[in-house]
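For reference, the structure discussed in these notes is given below.
A short reminder: the numbers here are calculations on the coordinates, not readings from a lab. On a predicted model such as this, the values are computed, not experimentally measured, just so you know. Every residue, glycine among them, receives a Cβ derived from its backbone with ideal geometry; neighbour counts consider all protein chains shown.
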Amino acid sequence: MSIILPCLYSFLACIGFCIIFNIRGKMIFYASIGGALAWLTFELAAVYQNDLIQYFAATVVLSLYSEIMARVHKVPVTIFLIAALIPLVPGSGIYYTMEHFIQGNTQEFLSTFIHTFAIAGSLAFGILLVSSLVYLWKKIENNHKLKLNKK
């Protein structure tokens, strides 16, 4: 139950962001499933005891899901990716970074800033990795089709 409830919260948050981002129809449900799936991956990756790995794994799974669903429904990948990524954004890290900065706690500010920046980097790298691999796969597939057509 301790894993299911955060996934449900992520699903509901994604519904709200889908509405804000003007995503319509059944795409709201599918994008929200992506958010719940990402959070489930985040929770399951807790066995590694490293939150950067958790964020990276969740983003890789979310990016794969988004790429697959975009092709199934013939819509842009961002329909599924952006709203479902929001629950993974390190909001508390950003808040505490700014709080330490305003209070003049240099050591805490730098520590929190570096950690929050690392989380954002792991999110970005997860998306970049999957997007690049999908791009390469499509490129290889197209080249293979061209070679078959020339024969």
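Summary of computed values
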| quantity | calculated |
| --- | --- |
| Principal-axis tilt of helix 106-150 within the chain, Cα atoms, nearest 10 degrees | 0 degrees |
| Anchor Lys26: lysines whose Cα lies under 21 Å away (excluding residues fewer than 8 positions away in-chain) | Lys74 |
| Percent of alpha-carbon pairs separated by more than 21 Å within segment 40-135 | 40 percent |
| Asn142 paired with Gln107, simple spin-label distance in nm, labels 7 Å along Cα-to-beta-carbon | 5.4 nm |
| Label-to-label distance, nm, for residues given as Phe29 and Ala120 (7 Å Cα→Cβ offset) | 3.6 nm |
